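The values are calculated or read from the model by the stated rules, or taken from the named source; none is laboratory data. Just so we're clear, the structure is a prediction, and the values are computed from it rather than from any experiment. Heads up, the Cβs are rebuilt from the backbone with ideal geometry, glycines too, and the neighbour counts pull from every protein chain shown.
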Amino acid sequence: MVHDKKKNAPEQSFSVSWHGENVVLVAGETINSLTALDIETAAKLVLAPLRNATFTNMIVDLEQVNFFSSEFITFLMRCYELTKANNGELILTGVSERIGELLTETNLDTLWAIYKTRQEALSVLS
């Protein structure tokens, strides 16, 4: 079996869009299969340009993600720190039941707002 490395490339794991003062990161389903090093690479690629950007809130859409590792939680913490530096909020959307349980067990559900959909979060912020 030939494995297509490009299919799971870290740079293809997220898409970034702007909605006014809010930035939306959409995590692709490839997050489920990335190695710790790939997640670190993706984090650098995604967050580096945002360090100098002006935004208030960050929405991380997890609709396509059904599992993530502790490395991804570290990525979310970096997103949180970057957002707090801008006096904003980190918001998670599309959280699966499995990920929701993990967030509850780690008490991260008390740190970040969680909405069912990206559209719902954006409407609350507007």
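Listed values, structure above:
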| read-out | value |
| --- | --- |
| Output for the stretch 1-19, where each listed residue is at pLDDT 85 or above and out of contact with any helix residue (DSSP H, G or I) (no Cβ under 8 Å at 6 or more places or on another chain) | S15, S17, W18 |
| Top-ranked residue of the stretch 8-20 - restricted to ones that are buried (at least 17 other Cβ atoms within 10 Å of the Cβ) and either in a helix (DSSP H, G or I) or on the phi > 0 side of the Ramachandran plot (or both), ranked as nearest to the chain's Cα centre (by Cα) | P10 |
| Strands (runs of 3 or more DSSP E) lying entirely in the stretch 36-126 (those with 3 or more residues that are farther than 15 Å from L25 by Cα and not charged (D, E, K, R)) | none |
| Selection status of N86, at pLDDT below 95, out of contact with any helix residue (DSSP H, G or I) (no Cβ under 7 Å at 6 or more places or on another chain) and surrounded by fewer than 21 Cβ atoms within 10 Å (Cβ to Cβ) | yes |
| Residue selected from the stretch 51-78 under the condition farther than 15 Å from A113 by Cα and among the hydroxyl-bearing types (S, T, Y), by the criterion modelled with the highest pLDDT | T74 |
| Qualifying positions in the stretch 96-126 - closer than 25 Å to R51 by Cα and either in contact (Cβ under 8 Å) with a residue 24 or more places away in the chain or of a type in the set (D, E) (or both) | L108, D109, L111, W112, A113, Y115, R118, A121, L122, L125, S126 |
| Residue match in the stretch 96-110 (condition: under 15 Å from the mean Cα position of the chain (by Cα) and loosely packed, with under 14 Cβ neighbours inside 10 Å) | no |
| Unmet requirement for V23, which otherwise passes all of (1) part of a loop (DSSP other than H, G, I, E, B); (2) surrounded by 16 or more Cβ atoms within 10 Å (Cβ to Cβ) | (1) |
